[in-house]
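In what follows, a single structure is set out as structure tokens and then discussed.
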Amino acid sequence: MFDQVEKVHKELAQVLVANASELEAFRIRFISKKSVITGLFDAFKTVPNDQKKAFGEALNELKKEANTKFKSLAANLQSITTHPSEHPDVSLPSTPFQIGGLHPINIVKNRMIEIFERQGFNVSEGPEMEDDWHNFTALNFPNNHPAREMQDTYFLEKDPDRLLRTHTSTVQIRLMEHGKPPFRSIMPGRVYRNEAISARAHCFFHQVEGLYIDRNVGFKDLKQSIYHFSREFFGKDTQIRFRPSYFPFTEPSAEVDISCFICKGKGCKICKNSGWVEIGGSGMVDPNVLQNCRIDSKEFSGFAFGMGIERIAMLKYEIDDIRLFSENDVRFLRQFNGL
Ligand code: PHE
């Protein structure tokens, strides 16, 4: 009986297959219910009791070998058939080359810039690592005032004066400190907040800040600017609404809503049946902020606004999880190719 096992073992070691039907013949001979190995298992009964253990082990070994060999023969055959080496057909179209696309955050950012540029805004940027002055103090956040906790901040361990900016309003200050009015600028960039990550919130996201400072700038100008943007970005019949709010750096302050462009104000899941969705914060620049930047608040006035790019993108493309923007899943990102 052991001789038989040895014979099959040798045969197995030598066998080669060149095509699918030979592979099938291999399967029938060594793997199937009618294989030689199954035959040997049947003969197990006839083996004397004291040899049963060794015989069983040898058979199991043989069976394992046959299965492994079958798998590798099948894999070899596959690689032969899918990569024909002789005479490739050069007239066939080439394999399509996957080119990358813009990230949805950049698509929305670029579109926002485009719209505001047509209103006469230029683009300014500032550093992501900031100091207390630009993120808080110059923006009229009093020392130790609870307003500082409105946006949970990442401070640098070694230097509590250094922090990751919690909003792009920092760039307003940098702009006004280093230039002379008038200013009409939008400031896109990444911001950081110490938030628990969920479908609705992330510890970093992007904003676009807007600032317009000149003589005789009024709330009507803020309204018109936002109205124009909303209609351009979300559609011609978009309505806007301002809700009174509070920011230390603007007075008066208002939250900006647009009419829900999905249900047209009738009420749906996106607008939580209210017919309105929030797109950002805004207000008239507080005279204290102008003074902090050595701008005469009797001569100049202005408005500012800040909008979250993720928020705008989520509304526009009906995305319900903010984490998708930073997970780099190509199945998500690919959907924006060509937009
Ligand atoms: N900086 C505010 C925020 O991040 C938004 C804002 C900008 C509000 C400008 C008013 C004016 O929430």
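The numbers here are math on the coordinates, done by the rules we state, and not lab data. What you see is a predicted model; the values in this text were computed from it and never measured. Reconstructed Cβ throughout: ideal geometry from the backbone, glycine too, with neighbour counts over all protein chains shown.
At what distance in nm do the modelled label points of Q4 and F41 sit from each other, each positioned 7 Å from its Cα along Cα→Cβ?
1.4
Report, ordered by chain and residue number, the lysines lying within cross-link reach of K7, taken as a straight Cα distance under 28 Å and ignoring same-chain residues fewer than 8 apart.
Result set, ordered by chain and number: K33, K34, K45, K52, K53, K63, K64, K69, K71.
So what's the net charge close to F303: Lys and Arg +1, Asp and Glu -1, counting the other residues with Cβ under 12 Å from its Cβ? Walk me through the numbers before you get to the answer.
Values: positive: R184, K220, K223; negative: E209, D214, D221, E251, D286.
Within the 12 Å Cβ shell, the charges total -2.
On a straight-distance basis, which lysines could pair with K223 in a cross-link, Cα separation under 28 angstrom, same-chain partners fewer than 8 positions away excluded?
K109, K180, K236, K264, K266, K269, K272, K298, K316
Calculated FRET efficiency, D320 and N110, Cβ-Cβ r, R0 25 Å, to nearest 0.05? Don't skip to the answer; put the middle values down first.
Numbers: r = 23 Å, r/R0 = 0.93.
About 0.60, to the nearest 0.05.
If amide H atoms are built 1.01 Å from N in the plane of the peptide, which residues on other chains or at least 5 residues away come under 5 Å of the amide H of W276?
C260
So if R0 is 25 Å, what FRET efficiency would E65 and A18 give, r being the distance between their Cβ atoms, rounded to the nearest 0.05? Can you show the working numbers first?
Details: r = 21 Å, r/R0 = 0.83.
The calculated FRET efficiency here is 0.75.
So which cysteines of the chain have no other cysteine's Cβ under 4.7 Å from theirs?
Singleton cysteines: C203, C293.
Report D for the chain in µm² per second (integer): Stokes-Einstein, Kirkwood Rh on Cα pairs, 4 °C, 1.567 mPa s. Please report the intermediate quantities before stating the final value.
Working: Rh = 25.8 Å.
It comes out at roughly 50 µm²/s.
Helix-only estimate, please: 222 nm mean residue ellipticity of the chain, summing -39500 (n - 2.57) across DSSP H runs of length 4 or more and dividing by its residues, to the nearest 500. Could you put the intermediate results ahead of the total?
On the way: 11 runs with 121 residues, N = 339.
Counting only the DSSP helices, I get -11000 deg cm²/dmol.
Can you give the longest run of the chain that contains no GluC sites (Glu not before Pro) sitting in a DSSP loop with at most 16 other Cβ atoms inside 10 Å? Intermediate values should be presented prior to the final figure.
Values: sites that count: E86, E125, E128, E157, E195, E299, E318, E327.
After excluding every exposed loop site, the longest remaining stretch is 196-298.
What is the distance in Å between the Cα centres of the stretch 273-339 and the stretch 150-216?
11
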